[in-house]
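The structure appears right after this line, and notes come after that.
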Amino acid sequence: MTAVGIDAIEIRAGKTRLDLPGTFAERKGEDPEKYTKGLGLHASSFPDVYEDIVTMAANASKRLMDRKGLQPDDIGRIDVATESAFDNSKPVSTYVAGCLEQVYDGDFNHANKGERKFACIAGTQSLNDAYNWISAGRNRGRAALVIATDTALYERNEPGEATQGAGAVAMLVDEDPSLVELSAQQGFGSADETDFLKPNQQFPSVDGKRSMQVYLARMREAMEDFASAEGDVNPEHFAYIPFHTPFPGMVRKAALLGYRNGIRDTDIEDALAEEIGHQPRREAFDDDESYREALSEYADALAKTDRYGEWYDAVIEPTLDISRHVGNWYTGSVHIARVSALKRAADEGRDLVGERLLVGSYGSGAQAEIHAETVCEGWLEEIEALNIDEQLDARYELSFEEYEMTHDAHNHDDEGEYDELTVPSDEFAFDGWGRMGERKYRYVS
């Protein structure tokens, strides 16, 4: 079977920056370490007034297509994953195609276009759709453009406000990929949950404590399901393990859960048993509560071992480098984590060809998915072509008052007019409203 996976990737961050331990914490009267150590966040990216999920998606896609020398005829489908859509009928992918057709010869008239929704996991689901389309031989030699784009806003003064962010990740999915090959096997954990939802509303309703519990429960189920299909989920057999990252503090919990489950009944568990004992087994306890308490105690002890700490620093910590400085991108978050890990490896001069990643995606509502990826020969060239560092360094620094204005400007119910904080250049920009209330866009040279 021909290898199918991600051939190229591009990232587009919102062009403004909010300093969380500085500007945000100071105005809130809170300890800066609540953000840097508790949430693991230093800054958030926000879109300027003329930016939105379409412009960020189109700008990431254009840079990807330019770099790969592609024209519209090379693309057979455009899938956009988002939970920030502004139309319940017309998909964001049509807007993105319309933007790109302003700057390329030809059109995307024969490309299948769609929009995926399942909270944050929709980006990975869109990858799966593209993988299946190509594997089934329905692509006729064409590639798929998969885009995860979101403006992740909470109502102001809500607990999740510090985790906000905005950006897009564009991925080219094709045969014989340069970046990573996707595994055929997947593991799922899914249940009807109400941990985070937006019932006909822009800003989410969130049960924070419940959301964390559901995230961990679905991840555990997905790992068990993947192990039943793939066999090997030993966490020390993977170069990196990118997780969905609503904030890095959540990943600390997911990583510990994954490591504990992955080493169960292995030589690693036996080696650690000399220090902290073996993992509790359900059959040794009279009730579930006692068993859960014992598991919690074991996990606390495991987290303090040198072996776990060294593994976490090598395998998990590198996946968080970008997220710490951009916040939550919903559908794009796990794909940022993948790039972060590969970028760290490139910076350290590490040879990853043939190494494997274990990718953990999650969407509230709720579903988790685990799959493996194998790093391909061209990964280093692809990662070195990214300009995400330059983007982040160039962001406009928001005052708290400007942050509030930016938040208002992207509130779908706010009809005010707001001044731009930056000047658009060589990018797509929002250009007002059409006769039927549709959003319009222009390319600014």
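The magnitude of the dipole of the chain, with charges of +1 and -1 set on the Cβ of Lys/Arg and Asp/Glu and taken from the Cα centre, is near 840 debye. Which pairs in the list Lys117/Lys198; Lys37/Lys304; Lys28/Lys343; Lys209/Lys253; Lys15/Lys209 are over 22 Å apart, alpha-carbon to alpha-carbon? Over 22 Å apart, Cα to Cα: Lys28/Lys343; Lys15/Lys209. Could you tell me whether the range 3-67 comes out rounded, prolate or oblate from its Cα gyration tensor? Rule is a ≥ b ≥ c as square roots of the eigenvalues, rounded for a/c under 1.5, then prolate if a/b exceeds b/c, otherwise oblate. Oblate, because a/c is 1.5 or more while a/b does not exceed b/c. Report note on the peptides 295-301, 108-114: ranked by the mean count of other C-beta atoms within 10 Å, highest first, their order is 108-114, 295-301.
Remark: the range 382-395, residue by residue, has Karplus-estimated 3J(HN,Hα) of 5, 5, 5, 7, 5, 10, 5, 4, 5, 4, 5, 5, 8, 5 Hz, where x stands for each Gly or Pro and the curve is 6.51 cos²θ - 1.76 cosθ + 1.60 at θ = phi - 60°. Given R0 = 56 Å, the distance between the Cβ atoms of Asp265 and Met436 translates into a calculated FRET efficiency of 0.40. Helical content alone sets the calculated 222 nm signal of the chain at -11000 deg cm²/dmol, taking -39,500 (n - 2.57) per DSSP H segment of four or more residues and averaging over every residue. In the chain, the longest principal axis of the Cα atoms and the axis of helix 53-68 are about 90 degrees apart. Once the Cβ-Cβ distance between Asp73 and Asn157 is put in as r, and R0 is 51 Å, what FRET efficiency do you end up with, to the nearest 0.05? After rounding to 0.05, the efficiency reads 0.55. Considering only beta bridges that DSSP places wholly inside the chain, some 75 percent are antiparallel. Of Val180, Val375, the sequence from fewest to most neighbouring Cβ atoms within 10 angstrom is Val375, Val180. Label separation (Ser425 vs Arg210): 4.9 nm, computed from points 7 Å beyond Cα along the C-beta direction. Counting only alpha carbon atoms, the long axis of helix 288-303 and the longest principal axis of the chain meet at about 80°.
Using the Cβ-Cβ distance between Asp413 and Thr36 with R0 set to 22 Å, the FRET efficiency works out to roughly 0.10.
Model label sites at Tyr396 and Lys117, defined 7 Å from Cα along the beta-carbon direction, differ in position by 3.1 nm. For Lys62, a cut-off of 12 angstrom between C-alpha atoms picks up these aspartates and glutamates, skipping any fewer than 8 places away in its own chain: Glu10, Glu101, Asp426, Glu427. Annotation: the residues Arg356, Arg17, sorted from fewest to most other C-beta atoms within 10 Å of their own C-beta, follow the order Arg356, Arg17. Spin-label model, Glu381/Ser296: points 7 Å from Cα along the beta carbon direction are separated by 5.3 nm. The order of Trp133, Trp379, going from fewest to most other C-beta atoms within 10 Å of their C-beta, is Trp133, Trp379.
Rule-based calculations on the coordinates, nothing more; no lab input. This one's a predicted model, so the numbers in the text were calculated from it and none came from an experiment. Positions of Cβ are backbone-derived with ideal geometry, glycine not excepted, and every protein chain shown enters the neighbour counts.
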